[in-house]
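The values are calculated or read from the model by the stated rules, or taken from the named source; none is laboratory data. Bear in mind the structure is a predicted one, so any value in this text is a computation, not a measurement. Positions of Cβ are generated from backbone atoms using ideal geometry, with glycine treated the same way; all protein chains shown enter the neighbour counts. Note: accessible area is taken over every heavy atom of the protein model, side chains too, but ligands, DNA and RNA are not part of it. Shrake-Rupley method; radii C 1.70, N 1.55, O 1.52, S 1.80 Å.
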Amino acid sequence: MNSIGGLLRCLSAFLVNINVIIMLSFTSTSTSRSDRSAQAKPPSAMSSDSVSTSAEFSPELRVSTQDITYFCPFTGALRGTVIVTNYRLFFKCMDREPAFVLDLPLGVVSRVEKIGSASSRGDVSYGLVCKDMRNLRFAHKQLEDTLRKSIFEVLMKFAFPVSNGLQIFAFEYGQVFPENGWKVYDAVSEYKRQGIPNESWRITKVNDHYELCDTYPSTLAVPVNIPDEELKRVAAFRAKGRIPVLSWIHPESQATVTRCSQPMVGVNGKRSKEDEKYLQSIMDANAQSHKLFIFDARPSVNAAANKMKGGGYESEDAYQNAELVFLDIHNIHVMRESLRKLKDVVYPNIEDSHWLSNLESTHWLEHIKLILAGALRIADKVESGKTSVVVHCSDGWDRTAQLTSLSMLMLDSYYRTIRGFEVLLEKEWLSFGHRFQLRIGHGDKNHTDADRSPVFIQFIDCVWQLTRQFPAAFEFNEYFLVTILDHLYSCLFGTFLCNSEQQRLKEEIPKRTVSLWSYINSQLEEFTNPLYVNYSNHVLFPVVSLRHLELWVGYYIRWNPRMRPQEPVHQRYKELLAKRAELQKRVDELQREVTNRSASSSSERAGSPTRSITPVQTFV
Amino acid sequence: MCLQVEQVRLLDRFSSKSTNGTLYLTATHLIFLQKETFILHHHIASVEKLSLTTTGCPLVIQCRNFRMVQFVVQRERDCHDIYSSLLRLLRPGGYEDLYAFSYNPKQNDQQREEGWQLIDLGAEFERMGVPCDQWQLTDVNRDYKVCETYPRDLYVPITASKPIIVGSSKFRSKGRFPVLTYFYQEKKAAVCRCSQPLSGFSARCLEDESLLQAISKANHNSRFVYVMDTRPKLNALANRAAGKGYENEDNYSNIRFQFVGIENIHVMRASLQKLLEVIGSRPLSMSDYLVGLESSGWLRHIKAVVDAAIFLTKAVTVEGVSVLVHCSDGWDRTAQVCSLGSLLMDPYYRTIKGFMVLIEKDWISFGHKFADRCDQLDGDPKEVSPIFTQFLECVWQLTEQFPQAFEFSEWFLLQIHEHVHSCQYGNFLGNNQRQREELQLRERTHSLWAFLMSEKQNYLNPFYSPAYSEAHPVLEPSTLPYHFKFWRNMYHQFDRSMHPRQSILKTILTLRENSRKAESTLQALETVKVQRHEEDDEQEEVGEEAMESTDTERTVEGSSGTDSRKQSYGELEGTYNSDVAKEEPAVVSLEFGVARMTC
């Protein structure tokens, strides 16, 4: 109980701290005032109410209550106060009971647009298009022109720090948590957990300085019989030098999941002896099977089209024992368009009569289905077929990451724990160079950038679909997944910054920012699924039938107040967890007592029966 | 009579798998052994013999509980035998041939009598606070003289005299005059039901007007009553030409008239048919599924019923106004809206017993034509319609929105649906109370409610919280379109490959079971502790029943993808005991953790 109290205290401290940050005023003169100085004040001195009343805040820096109107698409126009800081936009309307509060980390803003023109009389308004499935509109009377400008400019400035040569807020955020999330993942110990190195696989340091491949991590697991020199020649044949490396190995059959980018086959059908030998040795590393499956995530048409650009796919002639399978998953542009359509359908209002056909027209669920189906085929080949697989798409950092991480989630129960899931993300997504900076566009005002895409959101959606089908198999709850997505955009934590391990190292992210896992691991009870039962070595094969796939309403439509759950389950989850902990404690105590007593007497008797008691599992 | 055919193949609906076995036809069941498939003849909606193929003669059987089976019989002659005997068996000559009259669960007469006494509608009205100073029991229909499709006991306003009632009944279709069905004590507002008035284009009836006046007067909170016509306006207008129609606001003082727009039984029947076609097609793309689901209109109709119930609930609980609900004859849409509305208003109806009472009151006693709608006697196909199924589905949609508010789980609804069509119990036989009395159902058949009550354990919803009901007596459901979901476990209850890998309900029940075991372990340990204190030597049988240790064997859950690739849908063993579940839902006997099955 003590530790929970402690965690709660630190949580409230965390909230207060954020409020302190809000205090920062939005005029350019005051931004030079460092956040850290504000944080240096004892957090306990601030109450959450101080947001609007703090004396630290000079009155002229605030837009007075009547000035700002927020057009809520659900409840209508609201008048109130707006405060913009270098982290968030905070709107409060006191007219309502309870007071209406909008608290928006500026990281989620994708675009700020002025709607009112200078010539028009009356209200001037601007809209915020957000990355998390909502749009906001504000307006205020055109009083002193300077004021309006300043809000707009401040928004433009702090919402897009990268475009303005400023620092992303994560570098300013100095909260200290009891847990250190940067320690969650260590490549060597994760490989060790999987049993690597072994007689067929070794860990190479050839990429220690990111010379082999600058988008790969420094630690790689490769077949034992391929020397580092040869790896370089393989790298020359793979797009961006992303050679096939081990992601996961089956603890029994030694079948492996390996990932890479497309081979540089080109129109002329170039071949590489080294690459062919390399794939052969991946196959040989698994004695159970004389076959290797290559899963190309792309539709075959796209894969063929890539030949024009020097890429392509493995020909079965060149790779003797390999079978190539296309998984028909579309590229980042198709996915971006699909999510954009989905946003149109669900925000702000839902058209009642054509809900299902509108949903269908977005194709979002179809994409989810294809990804899950692909991951299921991979998992099945490895588990049931005892065959090693190679997974790639074009560059091997989008669809490949989705497929390998989802299949690993199905194959290995470790990744279904909270820590395991964090390790999975750190490994398959972050260290293997999913380009978060480009895909999300942190702090970048170029909202039309073609590199943006919801690949990671799609992955989390797939995980959610899995948790729906296996409610007892995951240690984390829905709130955990939503929190990850929220902080994917918020720029409060350093976890999802940059595009690769190399960049993160260069920017000293672990040193200069806080990890999202620090925050999450310091209050695990918020994110724990009370239904979780830990079956070790338990493989999940989901049904990918469309009758089982659902739109993740709890994420995509959460801004709609009509969708709010009728019954808050979250609180109930926590009660259940507490009850379970209490029961477990009682069981443990009793057991200890029993064992102690038996230990004192077992010296006289051999094979005391009490030994069998130890593994009691408690469920609530 | 018993027909036996060997070497019959049962095809899986969604894969190319099949099972060989022997098919038996008994007087009441079609039995397929090897797979333990029992199909009650009453459940069979249609039998179709397809043209001969190289492997044999296919026979497709479609059931009312949404089971679809396809047999392939090797010899055509055998197939024809089965086909023609089935056709004969499916056509009961009369009520006497129904299974309920031969079904004997080994009970003596007293037990059976007690079963029938389980639900007492008089007591139910008393619970609502009726009779009271404004509402009284009338004996006008004691002998079914005024309205033969109504029950004997009816509740009317105290100021409504017999001549008024009789006069009104003459002005209402099938004599179904306005009577009380639910009384909301807190605001003294009443929910009344009736059939459409025979108003035509201009006809009036003073008695009917004064009966409505009396209903209005009985509620001091409000100066008017709502009259809810649950039909679309167009339909009501069309009825006018046939000398029926709806109330004219000018003739009735103090009414507010409202159309709700629920479609008629024919539209509903066609809609369900379309839905079943969509979900039954094997290669189904995400687009076909979503578009098909929408164009079937089924979920839209469900929403229309819920919308109407919400309107009713708001009028009664928020405004405190009495409401009179009718449709054409007042036994289909009216029953749906009144019962669903009461369910939203009154937490009692959300308990197991209360739900039985609700069905008994609004559906059975007020004469929903179960015999016709469920086609018990192979009657007019135009009379068949899934009105009651729709009501159960509305309730299910609500249970999804309010997991804590209902004492019963989905399995309870599925079981009721099963037996509405099974004709195994007397409750749903016939079209109205009068007919049931003539058939002497209470003497000659058994009551479903008693059976369900005896295995109440199986139907409990583990999330149910009476405290929640106390805090939220009136439910306010959301009607956003995504809250209306396809009820997979109803329409695919017999398709194993469609079952969830881990049913949440089952998981919760497993956990509960385990926690009970943990508690008993705890207790065992505690007793041991005490014993130890007493005498240090007695150390036997401690922890024998402690949980098995987690083994490190690798286990697989769900169909292996190998299957799913070859056949698009795999087989799921033991996670959802559907086939057996119909006879005796194997709810409590749960395998440990669902998981340990295939390797």
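Of everything in segment A:340-373, what is more than 8 Å from chain B (Cβ to nearest Cβ), part of a helix (DSSP H, G or I) and either in contact with a strand residue (DSSP E or B) (Cβ under 6 Å, 6 or more places away or on another chain) or touching a residue at least 24 places away in the same chain (Cβ under 8 Å) (or both)? Give them in sequence order.
A:Leu342, A:Lys343, A:Val346, A:Thr362, A:Trp364, A:His367, A:Ile368, A:Leu370, A:Ile371, A:Leu372, A:Ala373
Only one residue in A:Val423, A:Val482 is closer than 30 Å to B:Thr555 by Cα and open to solvent by 10 Å² or more (accessible area, probe 1.4 Å), so which one is that?
Every option except A:Val482 fails the conditions.
Quick check on segment B:346-357. Is at least one of its residues open to solvent by 10 Å² or more (accessible area, probe 1.4 Å) and under 15 Å from the mean Cα position of the chain (by Cα)?
yes
Could you identify the single residue in B:Ser469, B:Ser497, B:Ser520 that is more than 8 Å from chain A (Cβ to nearest Cβ), crowded, with 19+ Cβ neighbours inside 10 Å and more than 19 Å from the chain's Cα centre (by Cα)?
Just a single option satisfies the conditions, and that option is B:Ser469.
For segment B:390-416, which positions are more than 14 Å from every other protein chain (Cβ to nearest Cβ), in a helix (DSSP H, G or I) and either acidic (Asp, Glu) or open to solvent by less than 10 Å² (accessible area, probe 1.4 Å) (or both)?
Matches in segment B:390-416: B:Gln390, B:Phe391, B:Leu392, B:Glu393, B:Cys394, B:Val395, B:Glu410, B:Phe412, B:Leu413, B:Leu414, B:Gln415, B:Ile416.
Residues checked against (1) farther than 27 Å from A:Ile378 by Cα; (2) open to solvent by 20 Å² or more (accessible area, probe 1.4 Å); (3) at pLDDT 95 or above:
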{"site": "A:Arg416", "(1), (2), (3)": "no, no, yes"}
{"site": "A:Leu430", "(1), (2), (3)": "no, no, yes"}
{"site": "A:Phe459", "(1), (2), (3)": "no, no, yes"}
{"site": "A:Ala473", "(1), (2), (3)": "no, no, no"}
{"site": "A:Thr495", "(1), (2), (3)": "yes, no, yes"}
{"site": "A:Ser500", "(1), (2), (3)": "no, no, yes"}
{"site": "A:Leu516", "(1), (2), (3)": "yes, no, yes"}
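Could you grab me the full set of residues in segment B:189-246 that are surrounded by 16 or more Cβ atoms within 10 Å (Cβ to Cβ) and among the hydroxyl-bearing types (Ser, Thr, Tyr)?
Passing the criteria: B:Ser195, B:Ser199, B:Ser210, B:Ser216, B:Ser222, B:Tyr226, B:Thr230, B:Tyr246.
Please enumerate the residues belonging to segment A:282-297 that are among the small types (Gly, Ala, Ser) and open to solvent by 10 Å² or more (accessible area, probe 1.4 Å).
Residues satisfying the conditions are A:Ala285, A:Ala287, A:Ser289.
Could you tell me which of the residues B:Thr527, B:Thr507 is among the β-branched types (Val, Ile, Thr) and either on the phi > 0 side of the Ramachandran plot or facing another protein chain (nearest Cβ under 8 Å) (or both)?
On inspection, the qualifying residue turns out to be B:Thr507.
Go through the residues of segment B:325-336 one by one and say whether even a single one is over 27 Å from B:Leu211 (Cα atoms) and of a type in the set (D, E, K, R).
Within segment B:325-336, not a single residue is over 27 Å from B:Leu211 (Cα atoms) and of a type in the set (D, E, K, R).
If a residue has to be part of a loop (DSSP other than H, G, I, E, B) and either without any contact (Cβ under 8 Å) to a residue 40 or more places away in the chain or farther than 19 Å from A:Thr467 by Cβ (or both) to count, how many in segment A:374-418 make the cut?
Residues that pass the stated criteria total 10.
Looking only at segment A:516-526, decide whether some residue is free of Cβ contacts under 8 Å to residues at least 40 places away in the same chain, in a helix (DSSP H, G or I) and either more than 13 Å from chain B (Cβ to nearest Cβ) or in contact with a Pro (Cβ under 8 Å, 6 or more places away or on another chain) (or both).
Checking segment A:516-526: not a single residue is free of Cβ contacts under 8 Å to residues at least 40 places away in the same chain, in a helix (DSSP H, G or I) and either more than 13 Å from chain B (Cβ to nearest Cβ) or in contact with a Pro (Cβ under 8 Å, 6 or more places away or on another chain) (or both).
List the residue pairs whose Cβ atoms are under 7 Å apart, where the first residue sits in segment B:459-478 and is part of a loop (DSSP other than H, G, I, E, B), the second is loosely packed, with under 14 Cβ neighbours inside 10 Å, and the two are 6 or more positions apart or on different chains.
B:Ser478/A:Arg562
Which residue pairs have Cβ atoms closer than 8 Å, lie 6 or more positions apart in sequence or on different chains, and pair a first residue in segment A:575-593 that is within 16 Å of B:Asn514 (Cα to Cα) with a second residue that is part of a helix (DSSP H, G or I) and open to solvent by 60 Å² or more (accessible area, probe 1.4 Å)?
A:Leu583/B:Glu519
Filter segment A:364-387 down to residues that are within 22 Å of the chain's Cα centre (by Cα) and open to solvent by 30 Å² or more (accessible area, probe 1.4 Å) and give me whichever is farthest from A:Glu550 (Cα to Cα).
That would be A:Leu370.
For segment A:130-238, list the strands (runs of 3 or more DSSP E) that sit wholly inside it and hold at least 3 residues that are in contact (Cβ under 8 Å) with a residue 12 or more places away in the chain and open to solvent by less than 20 Å² (accessible area, probe 1.4 Å); which are they?
Here the list reads A:135-141, A:220-223.
If you check A:Ser536, A:Ser490, which single one turns out to be among the hydroxyl-bearing types (Ser, Thr, Tyr) and crowded, with 20+ Cβ neighbours inside 10 Å?
A:Ser490
Quickly run through segment A:310-339 and pick out the residues that are under 24 Å from the mean Cα position of the chain (by Cα) and either farther than 30 Å from A:Met264 by Cβ or not in a loop (DSSP other than H, G, I, E, B) (or both).
Hits for segment A:310-339 are A:Ile332, A:His333, A:Val334, A:Met335, A:Arg336, A:Glu337, A:Ser338, A:Leu339.
Name, by its number, the condition in (1) in a helix (DSSP H, G or I); (2) free of Cβ contacts under 8 Å to residues at least 60 places away in the same chain; (3) crowded, with 19+ Cβ neighbours inside 10 Å that does not hold for B:Asn141.
For B:Asn141, the exception is condition (1).
Can you pull out the residues in segment A:391-408 that are farther than 11 Å from A:Ile329 by Cβ and of a type in the set (D, E, K, R)?
Listed by number, the list holds a single entry, A:Asp395.
Of these, A:Ser272, A:Ser300, A:Ser261, which one is in contact with a strand residue (DSSP E or B) (Cβ under 8 Å, 6 or more places away or on another chain), under 20 Å from A:Asp398 (Cβ atoms), open to solvent by less than 20 Å² (accessible area, probe 1.4 Å) and among the hydroxyl-bearing types (Ser, Thr, Tyr)?
Exactly one residue qualifies, and that residue is A:Ser261.
Restricted to segment A:312-339, and to residues that are among the acidic types (Asp, Glu) and either touching a Gly at 6+ places or on another chain (Cβ under 7 Å) or in contact (Cβ under 8 Å) with a residue 12 or more places away in the chain (or both), which residue is least open to solvent (accessible area, probe 1.4 Å)?
Checking each candidate, the answer is A:Glu314.
From the residues in segment B:472-485 that are in contact with a helix residue (DSSP H, G or I) (Cβ under 7 Å, 6 or more places away or on another chain) and more than 7 Å from chain A (Cβ to nearest Cβ), which one is surrounded by the most Cβ atoms within 10 Å (Cβ to Cβ)?
B:Phe484
Out of the residues in segment B:76-109 that are at pLDDT 90 or above and assigned to a loop (DSSP other than H, G, I, E, B), which is most open to solvent (accessible area, probe 1.4 Å)?
For segment B:76-109, the residue satisfying everything is B:Tyr103.
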